[in-house]
Amino acid sequence: MKKALKIIIGLGLLIALVFVLKYFKDSNSKGVEDFKVEEPFYTSLRTKTVATGKLNPEEEIELKPQIAGIIDKILVEEGDMVKKGDLIATIRVVPNEQSLVSANSQINSAKLSYNNAKTLYDRNKVLFDKGVISKQDFENSQLSLNQANESLTQAQNNYQIIKRGSLSGGGSANTSITAQISGTVLEIPVREGDQVIESNSFNAGTTIATIADMSKMIFEGKVDEAEVGKLEEGKDIVVILGAINEKKFPAKLTFVAPKGNEENGAVQFTIKADVDVEESTRIRAGYSANAEIEMESKDSVLVIKEALLQFNRITEKPFVELLIGDGKYEKKNVELGISDGINVEITEGVKEGDKIKVWNKALKDNNDEEDN
């Protein structure tokens, strides 16, 4: 009985040992199969950066009056196309009473000076004809008369300008606001009846309308200091407008700021580019835009997927795990070149044909889905 019990126990232990060995064998086999491998390959890499900014007209002017007054008529609307010289608005002059009184006083004073000079001239002419005074004295009186006449004319003109906004018989040039360039009326910030002031050295004046040539557009944006060193004027870029279904326009870099400005803790440099806009495309000033700028490119370089890289926790140097057979891997340090965010150039450490461990779980799961 005891002998039979020992046999049964022995068989049980043997069966258990077989199951344990099989379990470890299956576990080891599964561990090897869990990791897929990928090989380096040759391709072309393009590194790009994106600059955010706006699209604005290259030429944009503000129309301001030469005299103060009230907007009498506005003859255009925002969005209208105008040609150089077209009438945009007219101004009705409202004379300042104090200025009128002062101008009238200047006329009276100038008349007195003129009459006095005229009397002196007439008297000296008679004396000169009789040979009583010298030619020099006569010419001096003639010069005084001419100067008095000029002062009177100027005083009268000033009075007319203050009262009417222009000289009598000289049209209404000062009261007419005309387009200085051909283009599109972008903005009319005033209305009929609004009071306006003239533009002078002490005052910017009231803007009556803003006109821009929408056929010539420029992109203005900002790039980080880490990227500005790779930019140069004349470089071809692509401007993308989100407002027009992500439409792309070719552009050429025309300006890279020599000085940066700190914004939110980072130094940014302004860039500008001429944008080639098709005539059939209607562009509006102030559109938000992104500029795609190719920073660096290489053809036929050895690359791996960036997700295959691992980094030493102490040295932070990159490495990969190479399959050396029988499910065994060894670490291999690598030297990196440029990267486009998906693939990265390998300049040293691996070669074509090497099998690299797919350690990244997300990448492994994606590959499993592709296989299924």
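Any read-out appearing in this document is the output of simple, stated calculations on the displayed coordinates, not a laboratory observation. For clarity, every value in this text was computed on a predicted model and none was experimentally measured. For neighbour counting, all protein chains shown are included, and Cβ atoms are generated from backbone atoms with ideal geometry for every residue, glycine included.
Distance between the C-alpha centers of the range 211-260 and the range 275-331? Whole Å please.
Their Cα centres are 22 Å away from one another.
How high is the relative contact order of the range 97-164, in percent, with contacts defined as C-alpha pairs under 8 Å that are six or more residues apart?
Numbers: 45 pairs, mean separation 34.5, N = 68.
Once divided by the residue count of the range 97-164, the mean separation gives 51 percent.
May I ask for the net charge around GLU233, where only other residues with Cβ less than 14 Å from the Cβ of GLU233 are counted and Lys, Arg are +1 while Asp, Glu are -1?
On the way: positive: LYS230, LYS235, LYS252, LYS272; negative: GLU232, ASP236, ASP274.
Once all neighbours under 14 Å are counted, the net charge is +1.
At 7 Å along Cα-to-Cβ for each site, give me the label-to-label distance between ASN157 and VAL94 in nm.
Going by the 7 Å Cα→Cβ label model, 2.8 nm.
Given H placed on each backbone N at 1.01 Å, which residues far from ILE88 in sequence or on other chains put an amide H within less than 5 Å of it?
Long-range HN contacts for ILE88: ILE177, THR178, ALA179.
Spin-label point model (7 Å from Cα, Cβ direction): what's the ASP137 to ILE197 distance in nm?
It is 5.4 nm.
In this model, which of LYS248/LYS332; LYS111/LYS135; LYS259/LYS317; LYS247/LYS357; LYS36/LYS235; LYS73/LYS247 are farther than 31 Å apart at the alpha-carbon?
Pairs exceeding the cut-off: LYS248/LYS332; LYS259/LYS317; LYS247/LYS357; LYS36/LYS235; LYS73/LYS247.
Subtracting the Cα-Cα distance from 0.36 nm times the residue separation, let me have the gained length for SER44 to VAL190 in nm, one decimal. Write out the running numbers ahead of the final one.
Values: separation 146, 0.36 × 146 = 52.56 nm, distance 5.65 nm.
Working it through step by step, the gained length comes to 46.9 nm.
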